[in-house]
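A short worksheet on the structure shown next.
The values are calculated or read from the model by the stated rules, or taken from the named source; none is laboratory data. Bear in mind that the values here come from a model prediction, so they are computed numbers and not experimental data. When we count neighbours, we look across all protein chains shown, and the Cβ atoms used for this are built from the backbone with ideal geometry, even at glycine. We work out accessible area using only protein heavy atoms, side chains counted, and drop any ligands, DNA or RNA first. Shrake-Rupley method; radii C 1.70, N 1.55, O 1.52, S 1.80 Å.
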Amino acid sequence: MKDATRLTALAFGMISTALLACNPSNGNKERTANVTNVTADKQQQPTIPYKLSSGKKINLPDELLEISGIAFLEGQDEDIYAIQDEQGLLFKYHLSSQKLTYSQFGKDGDYEDIGISKTHFFILKSNGSVYSFPITEKDNIQTAIEQKDILPKGEYEGLFVDKTSNLAYVLCKECRVDKKQSQTTGYIFAIERDGKFTPKGEFAVQIDELKQFDPKIKKTFKPSALAKKTDSNEWYILSSVDRALVVTDENFRVKSITSLDPKLFPQPEGINFDSKSNLYISSEAGNQDKGIIYKFEK
């Protein structure tokens, strides 16, 4: 009887093997389901309310070939204030008339970003120095002040001034402090009545969070600009090096990453919002013949 039982079990095993061979999809059901779930999870990251492939393209005058930062005065959406990364000039570009004017605030240098409070303009130099002057002088700058040594040694490209809280946020591109930790560090400053910065705290974007959305970001993240979308309290962080637009919550927790097409954005280094939460991204000319600003309507 034992031998008969063994023969019966062997026969059943051979039949099962033959059936699986005839219908291999049954054996792969679980594996296929896992792949589907991974794909669904990747698609579940929040999408931004802007279509980055179809914005309004604004070709800029030759003076802004190396445009590196953009900002708006409160409630004045027709004028974009900009800097470029070679000359100490504040530019004003009128969108409708395409008229460009400028005023000098400093010597030639590597200027990276611009912010505007309710009383002052602020311009960030790549070495961490910050220039400030009153809004009343925007057309004829006379009393620009340079604040040195307010940031640790490093390379900086991102500055945003929150008009509501009267705080300034400066984000490292490449800083010593981040060489031994998996994050990109930023610094918060209170803005005094005379336009000077007073240290208020720090923040950070965690590399591990970025890697969950984009595995190409491995050890470092090198932002070139940041801006706050005030109607949602989200941060939009631009990286020219990583060709990415990162969106975080108000506490800099990563929510999504959108890849940027290098044909549209040769060297994206400026970002901001107008009063209607329309998104603007500026790009240096790169291998093209004009600096560019794209407007994306909400």
Are there any pairs, at least 6 apart or on different chains, whose C-beta atoms fall under 7 Å, with the first in segment 274-298 and under 21 Å from Ala244 (Cβ atoms) and in a loop (DSSP other than H, G, I, E, B) and the second among the polar types (S, T, N, Q) and open to solvent by 50 Å² or more (accessible area, probe 1.4 Å), and if so, which?
Gly286/Gln267
So which of Ile83, Ile123, Ile114, Ile135 is of a type in the set (Val, Ile, Thr) and either more than 23 Å from Asp149 (Cβ to Cβ) or in contact with a helix residue (DSSP H, G or I) (Cβ under 7 Å, 6 or more places away or on another chain) (or both)?
Ile135
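Could you look through segment 250-264, keep only residues that are touching a residue at least 60 places away in the same chain (Cβ under 8 Å) and among the aliphatic types (A, V, I, L, M), and pick out the one that is surrounded by the most Cβ atoms within 10 Å (Cβ to Cβ)? Don't jump to the end; show me each part of the working.
Let us first name the residues in segment 250-264 that are touching a residue at least 60 places away in the same chain (Cβ under 8 Å), namely 252, 255-258, 260-261, 264.
Next, only the ones that are among the aliphatic types (A, V, I, L, M) stay: 257, 260, 264.
On the way: Ile257: 22, Leu260: 19, Leu264: 16.
Ranking the qualifying residues of segment 250-264, first place goes to Ile257.
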How do the pairs read when you match residues in segment 209-227 that are over 14 Å from Leu260 (Cα atoms) with residues anywhere that are open to solvent by 60 Å² or more (accessible area, probe 1.4 Å) and assigned to a loop (DSSP other than H, G, I, E, B), using Cβ under 8 Å and keeping only pairs 6 or more apart or on different chains?
Glu209/Arg253; Lys211/Lys218; Lys222/Val241
Every residue from segment 210-225 that is open to solvent by less than 30 Å² (accessible area, probe 1.4 Å) and either over 21 Å from Ile271 (Cα atoms) or assigned to a loop (DSSP other than H, G, I, E, B) (or both)
Asp214, Ile217, Phe221, Pro223, Ser224
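Residue-by-condition table, conditions (1) in a loop (DSSP other than H, G, I, E, B); (2) touching a residue at least 40 places away in the same chain (Cβ under 8 Å); (3) open to solvent by less than 20 Å² (accessible area, probe 1.4 Å); (4) among the basic types (Lys, Arg):
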position: Ser68; (1), (2), (3), (4): no, yes, yes, no
position: Tyr81; (1), (2), (3), (4): no, yes, yes, no
position: Lys92; (1), (2), (3), (4): no, yes, no, yes
position: Asp108; (1), (2), (3), (4): yes, no, no, no
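From the list Val205, Val247, which residue is under 13 Å from Leu171 (Cβ atoms), in contact (Cβ under 8 Å) with a residue 24 or more places away in the chain, surrounded by 20 or more Cβ atoms within 10 Å (Cβ to Cβ) and among the aliphatic types (A, V, I, L, M)?
Details: Val247 fails: under 13 Å from Leu171 (Cβ atoms).
Answer to the check: Val205.
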